[in-house]
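Here's the structure we're looking at; comments come further down.
The values are calculated or read from the model by the stated rules, or taken from the named source; none is laboratory data. This structure is a prediction, so every number in the text was calculated from the model and none was measured. Here the Cβ is made from the backbone with ideal geometry for all residues, glycine too, and neighbour counts use every protein chain on show. These accessible areas exclude ligands, DNA and RNA; they are computed on the full protein's heavy atoms, side chains included. Shrake-Rupley method; radii C 1.70, N 1.55, O 1.52, S 1.80 Å.
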Amino acid sequence: MMKMRRRIISDANTKRLRFYNKLKIAIICSVLILACLLPPLLVETIYYLRVIVAIWINAIVALGLNFCVGVCGQISLGQAAFVGTSAYVLAILVTKQGAPWILAILVSLISVVFLGLAVGLVSTRLRGPYLAIVTLAFNLVFVIVLTNELNITGGPFGIRVNPPQVLGLTIDVKLMYFLAFGCLIALYQLGRVVYFSKIGRGFRATRDDELAARVMGINTVMTKTQAFMISAIYAGIAGVLQTLTYRFIAPTSFTVIQSFRYLAMVVIGGMGYLPGSIVGAAIVTVVPELFRGLAGFWDIILGSTILAILLFFPKGAGFFPEYFKSLIARSKVEERWTGEIDISDI
Amino acid sequence: MLQLCEVTKSFGGITAVDNLSFRIEKGEIVGLIGPNGSGKTVTINLCTGIYPPDSGTIVFQDFVLNSLKEWEINRLGLARTFQTIRLWNKMSVLENVMVGYSRLMRASFWKTIVRAPQSRREENEARQAALHALEIVGMAAFADKLAGDLSFGQQRLVELARALVTNPDCILLDEPAAGLKAELVVQLGKLIKKLNREHGTTFLIVEHRTQLVMNICCRIIVLVSGRKIAEGAPLDIVNNEEVIKAYLGKRKSSESI
């Protein structure tokens, strides 16, 4: 009887704790979101706004890539090619064909989905390093095509597009800021839904033990293709946002180096940890901008930053709050032990 | 229910399973025993589609399994556990078991992404079924723990829960008692019998521990180097000359069973 009663009380306690935890998280999230909405209202310099927009766009790509690499365990080194495809399709349709923006955006997204499907189907036949090499080759070929098909892509000089007009509204950097941030929040939420759905469980099961996943009824061929498609959709949206923001695209933005940077964002933030990708994107985008004055040397600084982060936060910088908590908790460790263990419950 | 017909499988020059035929009827608990390297696990791997047989046919409920993929076989209602535990260590216990439920989740990719009513309902069903399965094996208290944090015996039980969460028609257990304490083995035997009685689940149990097999199986098949040398009720097997010679070694040790 006593035990029963205690259990009921502890149930009520955990419920209350859970509620407070949720409330805490909700408050922190809304404060963060509101803080992120402030810069365009306060900052007048276009340059700073552009850097922050770049963070949001890169975060979208990193989130998508995290599904492929971190959640599903399929190494992809060609993410920049997906971003580039939608950016170029959009730019070409608008400048060369004179298509309306909305239609062009839809077509570019659809083309990226099909590209993701194609690469995904290849991925189901390859594993580990072989898959990495194929995606790398895919990106290399993509850049070569971009630089050589002068008539279509403008070659190394890229394409310049006029200020985009959607629904009679001219889009400037401030508007792009809100658009990109809105897309990021929406896609992050979508990512959370996918992560905790049966699709996400399939991804994680495939990553941790593919054979067990297959035997337990997961169609791993379809699962891997879906992972590639999701990362392609995210990259496609980012590509569209990129064209809208910068109004100028060139092959140098979509090289293999850029793909590695996207991968670095995922690794820095934490493999398979979605909020981490946003943190990783912020770090990899801001650090080079801070040291832009050093010209060719900022790659060294980026590299050493990545090394330092992985040295001190081996699970990823996205877990920073947890490290912080564990630092505080370490001093209270003995208290916690006596508090938690209840012999009668074992 | 499950029928193997002259199945042969060899790896390189070694014939792991040699012209093996047997039949399991619905509702039976059948033991598959044999010394190390006699092809027991290979037989189970063949049945679950991990590799196809070189020759012969495997039939499960009127479906020929030879060329089916692992997940297609699972969806027919044939589940299994592994000899070495293969849980997804970075997922929670509940999620591990919920993955086992995926054969009954039919919502499409897009419906799942937008959380359509069908997807939500199935998600709820999966959660309930997983909790129920964990209760059956007595692991419900650990539902929120990471699977990798559990002890060996607990992981075995979670694997069993993952196999039985969809109420499959047939479960293949690959050494379910390996590494378990003696009391747990008895419990496991009771659990298998209970499932068999209440749901009519068919079991094929590969086991080294003769204690478990002798107690709960109604029929035992003995493999030696990939060939079936005997089949029959537990008592007949214990007294079978050939089995004693091949499996137990000396005449004397048969008395220890």
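Points to keep in mind about this one:
- Overall, the protein assembly as shown carries a charge dipole of about 1000 debye about its Cα centre when +1 sits on the Cβ of Lys and Arg and -1 on the Cβ of Asp and Glu, all other atoms neutral.
- Rounded percent of accessible protein surface that carbon and sulfur make up, region A:81-126, 1.4 Å probe: 76 percent
- Along principal axes, Cα extents of chain A, largest first, whole Å: 82, 53, 43
- Largest first, the residues B:Trp110, B:Trp88, A:Trp101 sort by 1.4 Å accessible area into B:Trp110, A:Trp101, B:Trp88.
- Accessible surface of chain B [probe 1.4 Å, protein heavy atoms]: carbon and sulfur percent: 50 percent
- Kirkwood's formula applied to the C-alpha pairs of the protein assembly as shown gives a hydrodynamic radius of 27.4 angstrom.
- Shape box of region A:133-290 [Cα atoms, principal axes, largest first, Å]: 53, 35, 35
- About its Cα centre, the dipole of region A:168-212 is roughly 140 debye, where the only charges are +1 on Lys and Arg Cβ and -1 on Asp and Glu Cβ.
- Within the shell of other residues whose beta carbon sits under 15 angstrom from the beta carbon of A:Ala91, the net charge comes to +2, with Lys and Arg scored +1 and Asp and Glu -1.
- Summed over the residues of region B:131-230 and divided among them, the accessible surface reaches 39 Å² per residue at a probe radius of 1.4 Å.
- Per residue, in Å², the accessible surface of chain A once ligands and nucleic acids are set aside, probe 1.4 Å: 52 Å²
- Longest segment of chain B lacking trypsin sites (Lys or Arg not before Pro) that sit in a DSSP loop with at most 11 other Cβ atoms within 10 Å: B:1-105
- The alpha carbon convex hull volume per residue for region B:131-254 rounds to 121 Å³.
- For the pair B and A, the buried accessible area comes to roughly 2800 Å² in total, with a 1.4 Å probe and the value rounded to the nearest 100.
- Net charge of neighbours whose Cβ lies under 11 Å from the Cβ of A:Thr285, counting Lys and Arg as +1 and Asp and Glu as -1: +1
- Partner chain coverage, peptide A:197-209 - average Cβ within 10 angstrom: 6
- A full extension of the chain between A:Gln97 and A:Leu117 corresponds to an added length of 4.6 nm, given 0.36 nm per residue minus the alpha carbon distance.
- Given in Å, the Rg to one decimal and the Dmax to the nearest whole number for the Cα atoms of chain B are 19.0, 67.
- When the Gaussian network model of chain A links Cα atoms closer than 10 Å, the mean-square fluctuations of A:Ile152, A:Ile268, A:Ile233 top out at A:Ile152.
- Across region B:1-92, the mean sequence separation of Cα contacts (distance under 8 Å, 6 or more residues apart), normalised by length, yields a relative contact order of 28 percent.
- Mean Cα-pair separation over length for chain A, i.e. relative contact order, pairs under 8 Å, 6 or more apart, %: 28 percent
- Of the solvent-accessible surface of region A:212-326, computed with a 1.4 Å probe and all protein chains present, 76% belongs to carbon and sulfur.
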